[in-house]
Amino acid sequence: MVLEDGFKWKLSDNPGSPKILTLSSDSHERSYNLTWKEPNENPGTPVLYYALRYRMVGESHWKNVDEIFSRKAQTIYSYVLKSIQYEVDYEVEVYAGSSRGVGKPATTTIQGPKINFPVIVETSEDKTGDNAFLENTTFTLECKVYGKPRPTLSWSLNGKTLSSGRNFDVSEGMLTVLQASTRYHQGFYRCLATSRYGTVMSRRIQVEVTGKKKIGVNLLGIGSI
């Protein structure tokens, strides 16, 4: 069924309006989970299906959702609206249909996700002195960021950009250094968060790599641990 622009419905002999429930943000940044239930009152023929359409606020053309939702025993229905644009509001209509057509729609307005410039929320602490990393071990630095759209992360060491390879693994905000070396892996690390709205740089994370084992107390006495 296609709901044409300017579609007219008959209020008699058709189902009542569905009840739109809370509109919650999906795990994806540009999608919304729309939920609804059956009409509270049904003045006409029984509900057989539901149909949806939506458009940007201010636009004249409606986009029809291809999927038709058959009436089942369930009480709650849902549909995920995908590819919602940033900073754009949408009008949504949900129709209940019967053998004679569709009734008056339930309507709501949803807000597209707001643009947020990249923000670095947290980074690893400096690793110096007693907290220095041992040579020939593997260590990891972390950088937590926030922004919509989600920023991409990169890392630098002493001003030089790092990439995954023989000695480094860059993945999901984590920088893993393999076989730490006093010659190549000491210095000041930074993470950079970048989106189409800008780039921000973290504070400097100072890292020392030592070839000496740490001395401490263990259950057997004094010695290296």
Here the residues within the stretch 126-167 that are of a type outside the set (A, V, I, L, M, F, W, C) and assigned to a strand (DSSP E or B) are 127, 140, 142, 144, 146, 147, 148, 152, 154, 156, 160, 161
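Surrounded by 14 or more Cβ atoms within 10 Å (Cβ to Cβ), within 30 Å of residue 168 (Cβ to Cβ) and at pLDDT below 90: which single residue out of 144, 148 fits that description?
Of 144, 148, the one residue that is surrounded by 14 or more Cβ atoms within 10 Å (Cβ to Cβ), within 30 Å of residue 168 (Cβ to Cβ) and at pLDDT below 90 is 148.
Can you spot a residue in the stretch 151-164 that is closer than 25 Å to residue 49 by Cα and surrounded by fewer than 17 Cβ atoms within 10 Å (Cβ to Cβ)?
Within the stretch 151-164, none of the residues are closer than 25 Å to residue 49 by Cα and surrounded by fewer than 17 Cβ atoms within 10 Å (Cβ to Cβ).
Would you pick out the residues in the stretch 98-125 that are surrounded by 14 or more Cβ atoms within 10 Å (Cβ to Cβ) and assigned to a loop (DSSP other than H, G, I, E, B)? Let's see the steps before the verdict.
Taking the stretch 98-125 and keeping what is surrounded by 14 or more Cβ atoms within 10 Å (Cβ to Cβ), we get 98, 100-106, 108, 110-113, 116-118, 120, 123-124.
If the condition is that a residue be surrounded by 14 or more Cβ atoms within 10 Å (Cβ to Cβ) and assigned to a loop (DSSP other than H, G, I, E, B), then 100, 103, 104, 105, 112, 113, 124 are the ones that fit.
The values are calculated or read from the model by the stated rules, or taken from the named source; none is laboratory data. Computed from a predicted model, the values in this text were never measured in an experiment. Glycine also receives a Cβ, built like all others from the backbone with ideal geometry; neighbour counts cover every protein chain displayed.
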